[in-house]
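One structure below.
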């Protein structure tokens, strides 16, 4: 066989193998906290998913925080108080994250945790870099990705930034359900079939998530309240844990999504589910399994 043809076939075969591997459900999990108070019990669940206190190797990414060094130090102390022996910090600029050598800081990580703050600061620094690709590889291979508040919002491929295009009133925010109002950008991409919103019930963020879901009807909207988390497995199913609620907006079966002359959105058949600790939601089958201590 012609050597050039052999090389081409080998390259094609390698590319197909890579695509097939990346198409497999991730072996890792996501631990997504809506913000607010984190109980030790909740954080122990994250540590257990990362291998337990003895085996876990955690990396904290504090880019979202105004003071990344302090935030990282505090988070590392919190994990060490739970018995975790190995905790590292990874605070990188976009230039640093673009250097392939920086991805080496994540070698061997069994869990990565994103702190709260401004999620756009994280995505500006990491999206499209070797560090993002390394994080996705770790998740695919079995690591747990966790985060709170801003660290929750960045988990999805379509990320809510917290900004609006049409309404400039920051005191009375998100008061309409209109097309092309909610600003979204590319997130870290761990979750590709849903959009995450945080501090959800506490800060009454229904309008903005409904707006985004109706503009992305193929994606499920998941609003996580404070002191509450979802644990996503295989990128398909999530369980609810914590003290509050999770709201799911599902427009996958909605009909007649449209707008009027002012941009107000309309739809028929938009589904809403209200979940509590112990409940589960299947983002593929779009079904709820009730559990927990409800009476």
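The values are calculated or read from the model by the stated rules, or taken from the named source; none is laboratory data. From a predicted model like this one, the values you see are computed outputs, not experimental measurements. All Cβ positions, glycine included, derive from the backbone under ideal geometry; neighbour counts span all protein chains shown.
Structure notes:
- Set 66, 103, 120, 109: member being out of contact with any strand residue (DSSP E or B) (no Cβ under 7 Å at 6 or more places or on another chain) and either under 20 Å from residue 161 (Cα atoms) or assigned to a loop (DSSP other than H, G, I, E, B) (or both): 66
- Taking the criterion of being farther than 28 Å from residue 193 by Cβ and touching a strand residue (DSSP E or B) at 6+ places or on another chain (Cβ under 7 Å), the only residue of region 20-63 that qualifies is 57.
- Sole residue being within 18 Å of residue 71 (Cβ to Cβ), within 15 Å of the chain's Cα centre (by Cα), surrounded by fewer than 22 Cβ atoms within 10 Å (Cβ to Cβ) and touching a residue at least 12 places away in the same chain (Cβ under 8 Å), chosen from 117, 147, 111: 117
- Top-ranked residue of region 83-100 - restricted to ones that are assigned to a loop (DSSP other than H, G, I, E, B) and loosely packed, with under 15 Cβ neighbours inside 10 Å, ranked as nearest to the chain's Cα centre (by Cα): 93
- Of the criteria (1) modelled with pLDDT under 95; (2) over 18 Å from the mean Cα position of the chain (by Cα); (3) in a loop (DSSP other than H, G, I, E, B), which one residue 6 fails: (3)
- Matching strands (runs of 3 or more DSSP E) fully within region 186-295 where at least 1 residues are within 24 Å of residue 28 (Cβ to Cβ) and in contact with a helix residue (DSSP H, G or I) (Cβ under 8 Å, 6 or more places away or on another chain): 194-197, 220-224, 228-233, 237-242
- Among residues of region 183-195, those that are free of Cβ contacts under 8 Å to residues at least 40 places away in the same chain and surrounded by fewer than 24 Cβ atoms within 10 Å (Cβ to Cβ), counted: 2
- All positions within region 136-179 that are part of a helix (DSSP H, G or I), touching a helix residue (DSSP H, G or I) at 6+ places or on another chain (Cβ under 7 Å) and within 26 Å of residue 227 (Cβ to Cβ): 150, 153
- Any chance residue 65 is touching a helix residue (DSSP H, G or I) at 6+ places or on another chain (Cβ under 8 Å) and either modelled with pLDDT under 95 or crowded, with 16+ Cβ neighbours inside 10 Å (or both): yes
- For residue 219, the conditions (1) more than 14 Å from the chain's Cα centre (by Cα); (2) farther than 22 Å from residue 36 by Cα are fulfilled apart from (1).
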